[in-house]
Every structure is written in C-alpha cells, then in structure tokens.
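Following: one structure in structure tokens, then a few remarks.
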Number of protein chains: 2
Amino acid sequence: MSPYTVSNVQDLRICVVMVGLPARGKSFISQKIVRYLSWLLIKAKCFNVGSYRRETTQQPNADFFDANNKEGLKIRQLAVTNAITDMMDWFNKENGVVAILDATNTTRERRNWVLKLCRQNRIEPMFLESWCDDQDLILRNIAEVKTTSPDYVGVEPEVATKDFLNRIKKYEKIYEPLDETYDQDLTFAKLINIAQQVIANKIQSYLESRIVFYVMNLHIKPRCIYLSRHGESIYNLEKKIGGDSSLSPRGLKYAEKLPELVKQDAGDVDLTVWTSTLIRTQETAQYLPYKQLQWKALDELDAGVCDGMTYEEIEKEFPEDFRARDENKYEYRYRGGESYRDVVIRLEPIIMELERQENILIITHQAVLRCIYAYFMNVPQEESPWVAIPLHTLIKLEPRAYGTKVTLIKADIPAVSTYKEKGTSQVGEDDKSTNIKTRNLLMTSL
Amino acid sequence: MSPYTVSNVQDLRICVVMVGLPARGKSFISQKIVRYLSWLLIKAKCFNVGSYRRETTQQPNADFFDANNKEGLKIRQLAVTNAITDMMDWFNKENGVVAILDATNTTRERRNWVLKLCRQNRIEPMFLESWCDDQDLILRNIAEVKTTSPDYVGVEPEVATKDFLNRIKKYEKIYEPLDETYDQDLTFAKLINIAQQVIANKIQSYLESRIVFYVMNLHIKPRCIYLSRHGESIYNLEKKIGGDSSLSPRGLKYAEKLPELVKQDAGDVDLTVWTSTLIRTQETAQYLPYKQLQWKALDELDAGVCDGMTYEEIEKEFPEDFRARDENKYEYRYRGGESYRDVVIRLEPIIMELERQENILIITHQAVLRCIYAYFMNVPQEESPWVAIPLHTLIKLEPRAYGTKVTLIKADIPAVSTYKEKGTSQVGEDDKSTNIKTRNLLMTSL
C-alpha cells in the first residue's frame, strides 16, 4: 500500500478535469500527475479525449474544431462520452483513485455536464485549468505539439503550425476561463503561466491538495536531466555494498572524463550538479565546472546490518533475508536499514525540487537512480528495483509533452557490473552490457 | 536530520512575513507553521511583534494604533525593529531555517522595508496574507482574541470587543492588501477566508511550497480533537508489544463506557471516529454512534522482529537493540520495523487531513498517539517517545490562537500500565498515574 494511501476503506475517487486552450501544457501536466501518483503507488490514469477522437478522425484540420461544424461536434461529443464511459468503468472495476480527463473543457456548459456525471457516480470533480498569456511559453508548446502530436505526423512543420494556430482560434471564440468569483463554489486550481501564479479554490481533500501542491512545482521549460552513478568504487571492486569508500583508479578516470562527456552533449548550457553526501559521488563530481550541491536524501539505500558485506556474505549470514529481498525487492527493508519504498518516500522532496529546476546533473547511487529513473520513465514499482543502471554511463532524460526521451552516453571506461540477477549472489564481472534494458530505452508514454 | 531537510549544505533561509488586519488568524497560522515544521525537525521560530511591543506597552487602547499617534508609532517601530534584530540573530547564531514575522505589515511601505532587510541578509522573504471578509469568521476570531490575548487580560468582554473593533478600524484605514497584479513580482501566498481560496505567487523553493501546501489545509473553526488509546488488550495483559489481539475484559468495559464519556463532554456535537486497521482499536470504537473510518497510517509502530515479544524478552534476545532504543528512542528503528521518525513521516497525511476536519475522535496506539500529541502540544522530538499516555483515558485537545488546551477525562476503569521507563524492561503494574506528565497538561504556547 502506498504511504500516501492513508486509508484502505475510504473510497475517495477524484476526477481531475483539465481546462484550457490547446497548447497550454494540459497533456504534459496530466501525464506528470499520473506518473507522480503512480510512483507513490496511488492508482491513477489519464483519459485523453484527443486519443478517443483519433479513433475515428486521425488528422483533422482546424475547421473540424469549429463550434459550428456539426459533424465535428458529433464526433467530438462521442469521443468525450467514450472517454468518460471508460473512466467510470476504470473507477468501478479497477478501483481507480485519480482519473484525469484530458480535454479542453473550455465552456461552462461542458464543465457542468462533466460535473454532473461525476457527482452522479460519487466521484469528486476537481477542475485544473492551465491559463497562459506568456507568448514564449505558448510558442514553445506549439513547437512541441507540432513535432510530437499524432495529429501532425508527416505534416510539414509550417503547415502544422498554421493549422494548429487556427485550431486554437476556434477554441478561443468559445473559451470561458474559470473565474475566481463566478466559479467560487467549484473545487478548482488555476495555473497562470504554469506555476507563476496558482489559485486554489475549495480544495476538499488531502489528496486534492497534494495534487495542487505537485502541479505548483511544475514548469514546462525545455531542459535536460543528466543522471550518473558515481565512478567505480573500491567497494564495487571488492563486491561490497554500502559503505563510504573512495573511487577505484578506473572510477577516477570516469570522474576525469565526465566534464568532457557532459560538455559534448550539453554544450555551454548552465548546469547544477547534485551529489549525495558520500565520498564516491563527490569524487566523481570533483572536476565538473558547475555549481554543486550535496543532498543527504541522495545517499544510497541504507543496507543496515548488511552495510559493507558482499551479496555472498549476506546470502550466507542472512539466508532468509536474502531470499525475502529477492522475492519482493521493492518492499524488503534491510534490518536497521531501508527498503526501496523508504527511498521513494525520502526522494519525494528531491523529485519536487527537480521539477522546479532546469538543467541538473545528478550523481548518485544505484538504488537511488533506479527510483528517480522509475519516476521519469514510469517504470512499474515491482520492476524498478531490477532496472540495470551500469557504471560509467551518463543518462540523459528529456521530459516532453508525451513522455520522456532517454539517451545513454557511455564513457568507454571499463567497470565491474554491480547488477545482481534475481536468485543469485554473483556480481562483479566487468560489465559487458551497453545499455539499460531495451524496454527502458524507448521514449515512454503512459 | 529531518526527512524534509533535503540537504545539509544548502543554506536556505526563509522569512514568512505575515500580512493582514487584526483578528484574521495570523498568530494562529504562524504558530501552526512553527509547530508543523518543528515536528518535521525543520528549525522554525515565530517572532511576534505584539509581544515585543508589550515589553514597553502592556494594555494600550485602540488610539495607540492610530497611524497619526506619533508616540504609538515610535514604540511600534521599535518593537518591529527588535523583533527583526532577534530574528537575524537567530538565523545567524542558531542556524534558523524558517522564521515567521508575525505582525500586521499592512502597508506596502512596511513590507518593502522588511523585504529589503531580508534580501540584505540573504533571507528569502515570503509574504503570507490572511484576507477575510467572512463576518462569522472575523467575529469568532475577535471573541477568541478578547479572551486569550494578553492585551485584554482582566478587561470586561464588552469593553475589550469594542476597543478591539476600534483597533481594527485604525488598521483598515491604511491597509493595502497584496494584489495579484501589482505584487506579482513578490513571492507570496494569499489566503482568502482562510483556505476557501488560496493564491500562490512566485513560490521559489520546495520548502516555501511545502508551507503553502500546509496552510492550504488549515481552518480556524473551533473544534475538538479527542484522542484515545484502544482499551486494554490481551497483549497488554501479557506484557507483549505489537500483535493484533482483542481487548481484555477490562478493555471491553472501556469500549462500553466510551460513548457515555464522549457524550458527557461533547454533547450532541457531530464527530467522526478514526481507528487503525487493528482489531483492538475497532473493538474499542464498536459502541460509538458516529461515522467511523479505518486508517492504515494509524496502525501501531511496527516492532519488526520484536513484534509479539515482551520487553524482557527483547532485552534478553536483542540486548544491543534494547539499549540502543533506550538511548535514542526517536531514531531507533526495530529490525524489519519502524522508528518514531518513520511513524511521523507516515502520519503526515493524517495530520494534514486532521487539520482539514472539524471534530474527530482518534482511537489508536501508544506510539502513534505520542506522535500526534507531540504535533499538537509541540513536544520536542527527543521527549515525544517518552510521553506517558495511559490506557482508558480520553484526551481532549482544543486548538486555540495561542496554543492547544488539553483536558484528560479518566474512565475510572483499571488497566495495566504499558509505560516503560528508560533503562528498565518492567511494565504491567496497574496504572496508578492520573495523568500525562504535568508539563504537558498545561496549555502550550510556543
């Protein structure tokens, strides 16, 4: 159960109803919320009305979205009805907790209709509007949509932009933004230029306020997050886990090469480096010409009584623990130490601060990187402790509207593998893998 | 270190500058923030300008606060200067993290002056305005102030009310509320009728957004929180910890008497009962004629491998652990189980939901009650695991503007004592104590 699922009998069900013109980051925000809640083990799903509409109409032009286009209206009404039907099914059959209805919902009439449907089904509606007059932000969003939206696959960029601007105009004609006074009886949050200003009205439950808190921390400026494990350490060579050892000679080589590796990819972009408080991450960061911050919360998963032991020693000394951990690695808590779930809880402020920041390079540890990676890539909880994250590899994450793009940059400096397969205590051969499991290499979308 | 102190080298310092007319709940909010952050082990302190003013002028009448009263202005300027001087000292000498400047700060001139002082001292200013036009709310606040403010000790209620209304008028003449547009370059949060609507502007850091998140969940309606441990259980009689046993015959008697005990104090007030998911709390709640909710997060501190053992057995089998726990009970984590700190982290959603609610009766366990009690009564972290919370006793908490009032209501049904003094493994004699340690009986104020 999630640490945030405060009750197992309270059947709170929330529908986050997105509101806003096209190109205001609604889909981005929707997907972020789903990923964040899922990471915290709260059952969440996004219902994107555009996807339902694409089942019948793949690449409509702007006229399709005209409020006077009867055929268009009919198809769009069918799409939203289908989305809501599926959403209700999901709540009822799969015990969903938070659904996001990702659509423009630009008119009061439409919003009232959704409101009524929610109330009839004992679902709390919370409207979440993304209102924007920052032209840079809108243009960046349009650029993003025209390159990533299924509506414009294969369409010339100029044609796509023009059509999309036209589509926005159709919506502007009928748009009724949420109003602090007129809509004061509704539960809503209004984001003005993303999180420049946030108005939260009649937030009813802890979970709703948590969602508002999260979106308050988001921004949608393009940026990169680089992740790296520390260079190979003395303990890695000795096959020991935990501890606070220095880098091995090969680890030091990685530290020396890291500035070049980063610069080749990032160019002159300004970065901030986050490390843990442990020696091996700081030694890895020592040659980087950027501002550096140490975070206690980035320290490696605490192995408790097993700290400093090899997996073989653990298997011998604590055979039951060793098996229990293999069976449920996410939940297993080392004696006097931590579980992956514990790490996720303490990483939450890191994730929140990461959302606030622009370009960041994080140098940390295997288990911690797995958790951060799982958050961005939406890796299911049971798989996240098994993601292979090799040493001496820079991972680049680029958050996009419809997922996160991953690129792996190998340093070409040999290192041991610290990856322990399920059911064995063997690690330590030189790592031959060239990358993270293939499934994780793809751009994820929910 | 706090789970929320995400870095040990980042020297973020925040000054929350309160803004608002008298009787808008500013002191209440200030003290809640301090108590909440302290509970999470974030160093926080409130600097109440009124207290500084009272060093020279104890019971001024409304004319003292007139903007044209030069003598009054001089004294008030000195008070705010002294408060800020002490605040800067606290930041520098005691490594303070969040200070609250609790004053009206009703003019832009005053706010700009504070802003400048903060910036000069590398402190991030965040303005927090309580704006109110809900007359019921204001009148309730006035009633609260006239009975609890040191300014009106010994003054006839009618006289106090009249003078206080007059004082508010003096401030209204010069009040310049924070404005969404005019003040858009400031970091601020504006609470409209407490949390009916919240406007958050340019929130800069995770800690700031966390504070806004917290105040979003507050309300200031008068209410009671009743706390009770479950009735005496079979395990209590057997001196065992943890487990999921049923109530003893005496415990069942307590369950039978509880409805009467509650009714005698609460009258016909509508309550909601929260229990843990464990049998003994649900058996204790079984005769209560109120809506009931079970929370996983209210389950007893998980004693891991020691679950089901007596303290004597733990001392014998795990002597090192036994000693380690006595030495630092707050931090000690049972093998495969939890520490008090772990319980605090998982209780946070409970505390947040509790802040949202009105009258609640919580039936839970010794360690969990200690943590909840510590939050409301501002018990220091190192003392909280040692607070004696006897069985068969209803604890009533009444949050007030200047602290929380505690009343103990004994059921007069004998029960064993489960209190373990430091350095011994003895528990289980019938409990002779009549109440929680005397220091905790008083109304706390920060």
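The values are calculated or read from the model by the stated rules, or taken from the named source; none is laboratory data. As the structure is a prediction and not an experimental result, all values here were calculated from the model. Cβ placement follows ideal geometry from the backbone for every residue including glycine, while neighbour counts extend to all protein chains displayed. Surface accessibility is based on the protein's heavy atoms, side chains included, excluding ligands, DNA and RNA. Shrake-Rupley method; radii C 1.70, N 1.55, O 1.52, S 1.80 Å.
Some observations on this one:
- Restricting the stretch B:150-162 to residues that are outside any helix (DSSP H, G or I) and free of Cβ contacts under 8 Å to residues at least 24 places away in the same chain leaves a set whose member that is farthest from the chain's Cα centre (by Cα) is B:E156.
- Given (1) of a type outside the set (D, E, K, R); (2) buried (at least 19 other Cβ atoms within 10 Å of the Cβ); (3) facing chain A (nearest Cβ under 8 Å), number of the condition B:I211 does not satisfy: (3)
- Subset tally (residues that are out of contact with any helix residue (DSSP H, G or I) (no Cβ under 8 Å at 6 or more places or on another chain) and either of a type in the set (A, V, I, L, M) or assigned to a helix (DSSP H, G or I) (or both)) for the stretch B:112-129: 7
Here's the yes/no breakdown for (1) open to solvent by 10 Å² or more (accessible area, probe 1.4 Å); (2) within 11 Å of another protein chain (Cβ to nearest Cβ):
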{"position": "B:E180", "(1), (2)": "yes, yes"}
{"position": "B:F188", "(1), (2)": "no, yes"}
{"position": "B:V198", "(1), (2)": "no, yes"}
{"position": "B:I203", "(1), (2)": "yes, yes"}
{"position": "B:V215", "(1), (2)": "no, yes"}
{"position": "B:S233", "(1), (2)": "no, no"}
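- Filtered residues of the stretch A:163-178 (kept if open to solvent by 50 Å² or more (accessible area, probe 1.4 Å) and in a loop (DSSP other than H, G, I, E, B)): A:E176
- Residues located in the stretch A:279-311, provided they are more than 22 Å from B:R333 (Cβ to Cβ) and in a loop (DSSP other than H, G, I, E, B): A:Q286, A:Y287, A:L288, A:P289, A:Y290
- Output for the stretch A:64-74, where each listed residue is more than 33 Å from the chain's Cα centre (by Cα) and touching a residue at least 12 places away in the same chain (Cβ under 8 Å): A:D66, A:A67, A:G72
Per-residue answers, yes or no, for (1) modelled with pLDDT under 95; (2) farther than 20 Å from A:H392 by Cα; (3) in the same structural domain as A:A374 (by TED's automatic domain parsing):
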site: A:V269; (1), (2), (3): yes, yes, yes
site: A:P289; (1), (2), (3): no, no, yes
site: A:D299; (1), (2), (3): yes, no, yes
site: A:E358; (1), (2), (3): yes, yes, yes
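- Of the strands (runs of 3 or more DSSP E) lying entirely inside the stretch B:1-111, those containing at least 1 residues that are away from every other protein chain (no Cβ under 14 Å) and open to solvent by 50 Å² or more (accessible area, probe 1.4 Å) span B:44-48.
- A:Q282 within 14 Å of chain B (Cβ to nearest Cβ) and of a type outside the set (V, I, T): yes
- Filtering the stretch B:112-156 to residues that are open to solvent by 20 Å² or more (accessible area, probe 1.4 Å), in contact with a Leu (Cβ under 8 Å, 6 or more places away or on another chain) and of a type in the set (D, E) leaves only B:E124.
- Output for the stretch B:217-231, where each listed residue is at the interface with chain A (Cβ under 10 Å from one of its Cβ atoms) and open to solvent by 10 Å² or more (accessible area, probe 1.4 Å): none
- Filtered by the rule that a residue be open to solvent by less than 20 Å² (accessible area, probe 1.4 Å) and either without any contact (Cβ under 8 Å) to a residue 24 or more places away in the chain or over 29 Å from B:Q426 (Cα atoms) (or both), the stretch B:249-269 gives B:L261, B:V262, B:A266.
- Residues in the stretch A:270-303 that are open to solvent by less than 30 Å² (accessible area, probe 1.4 Å), in contact with a strand residue (DSSP E or B) (Cβ under 7 Å, 6 or more places away or on another chain) and of a type in the set (D, E, K, R): A:R280 alone.
- Check on A:E283, modelled with pLDDT of 95 or more and touching a His at 6+ places or on another chain (Cβ under 6 Å): no
- Residue check for B:A44: among the small types (G, A, S), assigned by TED's automatic domain parsing to the domain that holds B:I168 and out of contact with any strand residue (DSSP E or B) (no Cβ under 9 Å at 6 or more places or on another chain): no
- Within the stretch B:285-300, if we keep just the residues that are within 14 Å of chain A (Cβ to nearest Cβ) and under 23 Å from B:I241 (Cβ atoms), the residue that is farthest from the chain's Cα centre (by Cα) turns out to be B:A285.
- Condition check for A:L139: in contact (Cβ under 8 Å) with a residue 24 or more places away in the chain and in the same structural domain as A:R35 (by TED's automatic domain parsing): no
- Residues of the stretch B:251-279 satisfying the condition of being more than 14 Å from chain A (Cβ to nearest Cβ) and β-branched (V, I, T): B:V262, B:V269, B:I279
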